[in-house]
1. Taking the condition of being acidic (Asp, Glu), in a helix (DSSP H, G or I) and either touching a strand residue (DSSP E or B) at 6+ places or on another chain (Cβ under 7 Å) or modelled with pLDDT under 95 (or both), how many residues in the range 2-50 meet it?
Amino acid sequence: LRLPSSLWEELAAWAADDIRSINGQIEFLLTECVRQRKKRKQYLDSEKKE
């Protein structure tokens, strides 16, 4: 995964705050983004049905 060094440093600091490895933090963030996207899609689909 290629990231700008400034982003890598931000992720490293965030990971340390959450007591995770950087890879663990990236996995956590990606999982949360996918979960939120699915939730938003379900909401939008239900709005279309009304």
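The values are calculated or read from the model by the stated rules, or taken from the named source; none is laboratory data. Small disclaimer: the values here were computed from a predicted structure and weren't measured. Cβ atoms come from the backbone with ideal geometry, glycine included; neighbour counts cover every protein chain shown.
1. Applying the first criterion (acidic (Asp, Glu)) to the range 2-50 yields 9-10, 17-18, 27, 32, 45, 47, 50.
Narrowing the set further to residues that are in a helix (DSSP H, G or I) leaves 9-10, 17, 27, 32, 45, 47.
Applying the additional criterion that residues be either touching a strand residue (DSSP E or B) at 6+ places or on another chain (Cβ under 7 Å) or modelled with pLDDT under 95 (or both) yields 45, 47.
Count: 2.
Condition check ((1) among the acidic types (Asp, Glu); (2) loosely packed, with under 10 Cβ neighbours inside 10 Å) across all residues:
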position: 6; (1), (2): no, yes
position: 13; (1), (2): no, no
position: 17; (1), (2): yes, yes
position: 21; (1), (2): no, no
position: 32; (1), (2): yes, no
position: 37; (1), (2): no, no
position: 46; (1), (2): no, yes
